[in-house]
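The values are calculated or read from the model by the stated rules, or taken from the named source; none is laboratory data. Owing to the predicted nature of the structure, the values given are computational and were not obtained by experimental measurement. Neighbour counts are summed over all protein chains in view; Cβ atoms, including those assigned to glycine, are modelled from backbone coordinates with ideal geometry. Accessible surface is based on the protein model in full, side chains and every heavy atom, while ligands, DNA and RNA are left aside. Shrake-Rupley method; radii C 1.70, N 1.55, O 1.52, S 1.80 Å.
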Amino acid sequence: MGLNLAASLTQVLRLDDVSQVGHARRVVQKLAEQHGFATADAGRAALVATELASNVLKHAQRGELHLRVLAHGSQPGIELIAVDRAHGFDLPSCLVDGYSTGGTQGIGLGAVSRLAQVFDVHADAQGAVVLARLYRQDDQGKDVRVGVSQHSLHDDPACGDSWHVTLDGQRVSALVVDGLGHGEEAERAARAGVDAFVQAPFTPPQQLLGELHHAMGGTRGGAVAIAQYDGERDSLAFIGIGNIGATLVGGDRPRGLASHPGIVGGQYRKGQVFDYAHLKGHLLVMFSDGLQTRWNLQTYPGLAHRHPAVIAAVLHRDFCRGRDDVTVLVIDLEAVHG
Ligand SMILES: [Mn+2]
């Protein structure tokens, strides 16, 4: 039922030398081919990777390229996000074709914006974040206004955080789960939670939390937060146990959604459902405790109106603690289906 967005780690390619441009191109070409892109579409993705990487090296000297496979059902897409920490990113200049060539085969961000189905940029005093999402040319599906940045501590292949989002018509159900600690046992706990969630993501929240509690019983347990939004009723139900942050952004001021203490799969005293209404135009941001809590999107002019994937990347860039796995999930409640 519905469209399932499943968790996968963000793959990070470091960029501090021109030789890494070719590496990025090859990695993206291969990733696209592995996910069923025809040669021309994979070439398009590779060209975008080349340009984004070249652009970072040209204006920032160093940065990162973040890659994700967008698992939107049977037609996967590729997401590329260039993240750098340079000052004075000159967007109008970069959008001019050929501007960022720097002696490579660069084609300019203007060309990238035409090659990718989704293109967006945020630039501030901390640096620039450039998003490109590519789908297969024959893909008739719409982009999904959900963004995520997920990284394990020390790039461990096992990640103790997980998440899942299911879309069904006007309804959205979102889960973030953080298995206690990090590493393989934490991952096992988180996966048990996700597996239970996926069975019936629109089960009433209290009952659904109970299902996760049961499923995580044989593991070390973890923190869980579930948010269910119904676009027709324009209302959101939230339930959380442990340290998963959740914030509604929009309106006059951000609203933090309250969780109760405890360990799902271990012990918690009670789960309480909180309901929120009139959320059209709001963003829902859910994050594990690998992210600091003191961020405020209002301090970034324009960022709240950017694509959720850009917002997730900026929050990760500026507020990752670096001591734990980290997950930032951003959902545009008004236009989740693009
Ligand atoms: Mn954690």
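Worth a mention:
- The distance between label points at Glu184 and Arg220 comes to 1.2 nm (points 7 Å beyond Cα on the Cα→Cβ vector).
- Dipole orientation for the chain: of the candidates Gln75, Leu13, Gln140, Leu13 has the Cα lying most toward the positive pole (charges on Cβ; Lys, Arg +1; Asp, Glu -1).
- Electrostatic dipole magnitude of the chain [Cβ: Lys, Arg +1; Asp, Glu -1; Cα centre; debye, to 20]: 220
- In order along region 147-153, the Karplus-derived 3J(HN,Hα) couplings, from 6.51 cos²θ - 1.76 cosθ + 1.60 at θ = phi - 60°, round to x, 8, 10, 9, 9, 8, 4 Hz, and Gly and Pro are given as x.
- Helical content alone sets the calculated 222 nm signal of the chain at -8000 deg cm²/dmol, taking -39,500 (n - 2.57) per DSSP H segment of four or more residues and averaging over every residue.
- Comparing Ser152, Ser19, Ser162 in a Gaussian network model of the chain, where Cα atoms under 10 Å apart are tied by springs, the biggest mean-square fluctuation is seen for Ser19.
- Residues in region 306-315 carry Karplus couplings, in order, of 7, 4, x, 5, 5, 4, 4, 5, 5, 5 Hz; the curve used is 6.51 cos²θ - 1.76 cosθ + 1.60 with θ = phi - 60°, and Gly or Pro positions show x.
- Gain on full stretching of the segment that runs from His305 to Gln292 - 0.36 nm per residue minus C-alpha separation: 2.5 nm
- In degrees, nearest ten, helix 19-34 long axis to first principal axis of the chain (Cα): 60
- Backbone N within region 294-320 under 12 Å of label point (7 Å from Ala86 Cα along the Cβ vector): none
- Lys280, Lys142, ranked by accessible area, largest first (probe 1.4 Å): Lys142, Lys280
- Evaluating 6.51 cos²θ - 1.76 cosθ + 1.60 at θ = phi - 60° for every residue in region 208-219, the Karplus couplings come out as 5, 4, x, 5, 5, 4, 4, 5, 8, x, x, 10 Hz, glycine and proline recorded as x.
- Cα lying deepest toward the dipole's positive end in the chain, options His214, Ala60, Leu180, charges on Cβ: Ala60
- Taking the three principal axes of the alpha carbon atoms in region 195-266, the coordinate ranges are 43, 25, 15 Å, sorted in descending order.
- GNM flexibility winner over the chain from Gly290, Gly63, Gly36 (Cα, springs under 10 Å): Gly36
- Nearest-ten-degree value, helix 39-60 long axis tilted from longest Cα axis of the chain: 80
- In plain terms, the bigger the Kirkwood radius, the slower the diffusion; for the chain, with that radius from Cα pairs, at 20 °C and 1.002 mPa s, Stokes-Einstein puts D at 106 µm²/s.
- Residues whose amide H falls under 5 Å from that of Leu70, counting only those 5 or more places apart or on a different chain, are Gly77, Ile78, Glu79, with hydrogens built in the peptide plane.
- Glu33-Gln140 FRET efficiency (beta carbon distance; Förster radius 25 Å; 0.05 resolution): 0.75
- Per-residue extension of 0.36 nm, minus the Cα-Cα distance of His260 and Val69, leaves a gain of 65.5 nm for this segment.
- Cβ-based net charge around Ala40, under 14 Å, with every Lys or Arg adding one and every Asp or Glu removing one: -2
- With protein chains left intact and a 1.4 Å probe, residues in region 172-249 average 36 Å² of accessible area per residue.
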